[in-house]
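The values are calculated or read from the model by the stated rules, or taken from the named source; none is laboratory data. Please read these numbers as outputs of a predicted model, since none were measured by experiment. Note: ideal-geometry Cβ built from the backbone for every residue, glycine included; neighbour counts use all protein chains shown. For the accessible areas, the whole protein counts, side chains as well, though only heavy atoms, and no ligand, DNA or RNA atoms are used. Shrake-Rupley method; radii C 1.70, N 1.55, O 1.52, S 1.80 Å.
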Amino acid sequence: FCSTLGSFPLACSRRCSGSLIDMSIKGDMEGVQGISALVSQYPKKDGRFEYGTAGFRNDADVMDFIVMRMGLLAGLRSKVCNGAAIGLMITASHNPVKDNGVKVVDPDGGMMAADWEEIATHITNVSDADLEAVYCEYAAKFNVAADAKGTVFLGRDTRPSSDRLLVAARQGLLAAQNVADKDYGIVATPQLHHFVMAHNLGQASDEAAYWDKLGSNYQIVAKTLGLSSGDYTPDLVVDGANGVGARCAHLLNEACGGQLKLDVINDGTNGVLNLEVGYWSPSFNVLSSKCLQATALFVPLPELCVCGWVCAWAWTCACALRVRACVRA
């Protein structure tokens, strides 16, 4: 993935060497607590926890200490990467609303390097008494200077527990010291990946720029394929799973300037996140008539599906292949 980024240092995703773009975001360092003080506030839960492809996921009541420790790790990762922005996303995607999770985004916008996944697992599972010493050992291993600075971008989903876990993450960042953070609020996971990559490439990394890029490029695709010829309908039925996917679908609708018309159901106004909706239980019986009327696609979105990219990609493929059917994407 890094090889496609042009000026982005190819070594960054694994070794974090090279000169990166200067960061200017200012962090709030008031109320800093040391690691030893935080472990009493966020004591480790029993059991072993593994960082996987989706990061850490568990019952939300278990996640507080994990998210705090991932705040520490994200701050350290950024410092090792010469201050490049790192992402910290609080989400459990299509899991039930009682769950939550956390994952770290590397400077290239991709998944965290595999060797750092092992470090994340180690830091999460050490005892409260050993946490500070282990953190300092990793800082020494990577030759992190005492005055090194870091930058971490934060995002979260719509789960009730996400706000509480955001506080835990920021406590970890504060304990790491000299780590600035930027809170993007409620966003989809792929958006945070994009924000991190764009920022480290010196590009606009705000949400408005994200939707402008997605919408303008989709309109180019639509024009190139001749979607305004009348042969195809731009209607697409989207299951927002009562989560952030619904929010993204509405924003995508606006960004595409009428070239795509999304009928968003399960948009969060009623119902529970991921309960008999979206990824787990798409309501085909209820939606069959809408799908047939739209003669397009039915796209059930998990809580943090790449709403913009999935819709644009699925609809483009449908038009290019002259498909008129309801499918699960």
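With respect to the numbered conditions (1) surrounded by fewer than 16 Cβ atoms within 10 Å (Cβ to Cβ); (2) of a type in the set (Lys, Arg); (3) in contact (Cβ under 8 Å) with a residue 40 or more places away in the chain, which one is the sole condition not fulfilled by Lys223?
Checking Lys223 against (1) surrounded by fewer than 16 Cβ atoms within 10 Å (Cβ to Cβ); (2) of a type in the set (Lys, Arg); (3) in contact (Cβ under 8 Å) with a residue 40 or more places away in the chain, the one that fails is (3).
Looking at the structure I just gave you, is Ala148 among the small types (Gly, Ala, Ser), farther than 25 Å from Pro43 by Cβ and out of contact with any helix residue (DSSP H, G or I) (no Cβ under 8 Å at 6 or more places or on another chain)?
no
Among (1) open to solvent by 30 Å² or more (accessible area, probe 1.4 Å); (2) at pLDDT below 90; (3) in a helix (DSSP H, G or I), where does Asn217 come up short?
Looking at each condition in turn, Asn217 falls short on (2).
Yes/no per residue for (1) in a loop (DSSP other than H, G, I, E, B); (2) under 14 Å from Ala74 (Cα atoms); (3) of a type in the set (D, E, K, R):
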residue: Pro107; (1), (2), (3): yes, yes, no
residue: Glu118; (1), (2), (3): no, yes, yes
residue: Val144; (1), (2), (3): yes, yes, no
residue: Arg164; (1), (2), (3): no, no, yes
residue: Arg170; (1), (2), (3): no, yes, yes
residue: Tyr184; (1), (2), (3): no, no, no
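For a quick check of your reading of the model, give me the residue pairs whose first member lies in region 141-158 and is of a type in the set (A, V, I, L, M) and at pLDDT 95 or above, whose second is in a loop (DSSP other than H, G, I, E, B) and surrounded by fewer than 24 Cβ atoms within 10 Å (Cβ to Cβ), with beta-carbon atoms closer than 7 Å and at least 6 apart or on different chains.
Ala148/Asn178
Please work out if Asn253 is within 21 Å of the chain's Cα centre (by Cα), surrounded by 14 or more Cβ atoms within 10 Å (Cβ to Cβ) and in a loop (DSSP other than H, G, I, E, B). Spell out the reasoning first.
Working: within 21 Å of the chain's Cα centre (by Cα): yes; surrounded by 14 or more Cβ atoms within 10 Å (Cβ to Cβ): yes; in a loop (DSSP other than H, G, I, E, B): no.
In short, no.
Run down Asp22, Asp61, Asp28 and say which single residue is at pLDDT 95 or above, surrounded by fewer than 17 Cβ atoms within 10 Å (Cβ to Cβ), at negative phi and not polar (S, T, N, Q).
Going through Asp22, Asp61, Asp28 in turn, just one is at pLDDT 95 or above, surrounded by fewer than 17 Cβ atoms within 10 Å (Cβ to Cβ), at negative phi and not polar (S, T, N, Q): Asp61.
What number of residues within region 95-115 are over 13 Å from the mean Cα position of the chain (by Cα) and surrounded by fewer than 22 Cβ atoms within 10 Å (Cβ to Cβ)?
Count: 7.
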